[in-house]
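Worksheet for the structure shown next.
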Amino acid sequence: MRILDFGSLNYDYVYGVDHVAVAGETISSYNMEVFCGGKGLNQAIAAARAGAEVYMAGLVGEDGQLLMDICKRNGVDSSFIRKVPGISGHAIIQVDKEGQNSILLYGGSNQQMTREYIDDVLGQFGCGDILLIQNEINLLDYIIDKASENGMRIYLNPSPYNEKIKSCDLSKISVLLINEIEGGQISGERDYDKMLDVMQEKYPETDLMLTLGEKGAVYCCRGKRYRQDIYKVKAVDTTAAGDTFTGYFAALMQEKIPVQEVLAMCAGAAAIAVSRKGAANSIPIRDEVNKFCLHK
Ligand code: RIB
């Protein structure tokens, strides 16, 4: 089973701060590091590190060579990634002493998708293939429509959630991967069981993967709900923890592993990512996750 991740590739400028700056405040940072990230890239690497056959499609700017290289180094096929004039997407990330973050995105080349490029890439995929997408690129609605016409199963992580998601036909989504806040925005509910009830009724064909931060995760599939707790670790940097969970989930669901085991491994992978700095580089390989889960 092939996974095509059509998404963003970013340079992450990560600043260590005492606390995240509030409106009108100027603060100093005590260090700054640059990492490769972007929800698309992170999820592709997570799926590949989990053992899946992964293809990345997306656009980088003239400065994007490192972003392409990190895909290759991690076994992600980068042959669909194109370089376009201008600069790559980037993120300004503040990480506080508890490892919590605040992210400001600049779309750059991630916002230059064209219908022609999308048709070109999706023309190489079809029935039996998985499309993994997030909301950091333009023409998301078009990608969903085309992939669905091609018979692909679509895994959508609609982060960051905004107005653009409203133009997407979510009934075409096979698996919707959302956090508590996004679940509230889509369903209008605050209680997570109610969120799932509303969304299940609206999108009966769609499986729902709801992550709840400290409260773990719930997977809702064909009327059944599977719950998973988090593994508690000392948080160093929570960036890409959600992407790690999502990428692992997309990969492991293609194997014949019981759902509850898949969820435990996704939680283990995310816990390891939280205990490390950075985005793509913080994602563990499958062996590390197996060992971590065995010892818990
Ligand atoms: O989910 C984390 C990612 O969000 C970061 O790597 C950053 O680039 C933003 O896309």
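The values are calculated or read from the model by the stated rules, or taken from the named source; none is laboratory data. Computed from a prediction, not measured in an experiment: that's the story for all the values here. With ideal geometry, Cβ positions are generated from the backbone for all residues, glycine too; neighbour counts draw on all protein chains shown. With ligands, DNA and RNA removed, areas are computed over all heavy atoms of the protein, side chains included. Shrake-Rupley method; radii C 1.70, N 1.55, O 1.52, S 1.80 Å.
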Problem - Residue check for Gly183: assigned to a helix (DSSP H, G or I), away from the ligand (no atom under 16 Å from the Cβ), free of Cβ contacts under 8 Å to residues at least 40 places away in the same chain and touching an Asp or Glu at 6+ places or on another chain (Cβ under 9 Å) - result: yes
Handout entry: Residue match in segment 260-268 (condition: within 16 Å of the ligand (Cβ to nearest atom), more than 19 Å from Asp5 (Cα to Cα) and among the hydrophobic types (A, V, I, L, M, F, W, C))
Key = no
Exercise for the section: Of the conditions (1) part of a loop (DSSP other than H, G, I, E, B); (2) touching a Phe, Trp or Tyr at 6+ places or on another chain (Cβ under 6 Å), Lys232 clears all except one; give me its number. Expected result: (2)
Practice task
Collect the residues in segment 145-164 that are more than 16 Å from the ligand (Cβ to nearest atom) and assigned to a helix (DSSP H, G or I), keeping them in residue-number order.
Solution key: Asp145, Lys146, Ala147, Ser148, Glu149, Glu163
Practice task
Check off (1) among the aliphatic types (A, V, I, L, M); (2) over 15 Å from Asp243 (Cα atoms); (3) open to solvent by less than 20 Å² (accessible area, probe 1.4 Å) for Met32 and give me the number that stays unchecked.
Solution key: (3)
Problem - The one condition in (1) in contact (Cβ under 8 Å) with a residue 40 or more places away in the chain; (2) farther than 27 Å from Glu33 by Cα; (3) surrounded by fewer than 21 Cβ atoms within 10 Å (Cβ to Cβ) that Gln112 fails to fulfil - result: (2)
Completion exercise
Selection over segment 35-63 where residues are within 27 Å of Pro284 (Cβ to Cβ), more than 12 Å from the ligand (Cβ to nearest atom) and open to solvent by 10 Å² or more (accessible area, probe 1.4 Å) yields a count of 6
Problem - Which listed residue is in a helix (DSSP H, G or I) and without any contact (Cβ under 8 Å) to a residue 60 or more places away in the chain, from Ala250, Ala267 - result: Ala267
Exercise for the section: With respect to Leu105, determine if the residue is within 16 Å of the ligand (Cβ to nearest atom) and either exposed (fewer than 15 other Cβ atoms within 10 Å of the Cβ) or over 24 Å from Asn179 (Cα atoms) (or both). Expected result: no
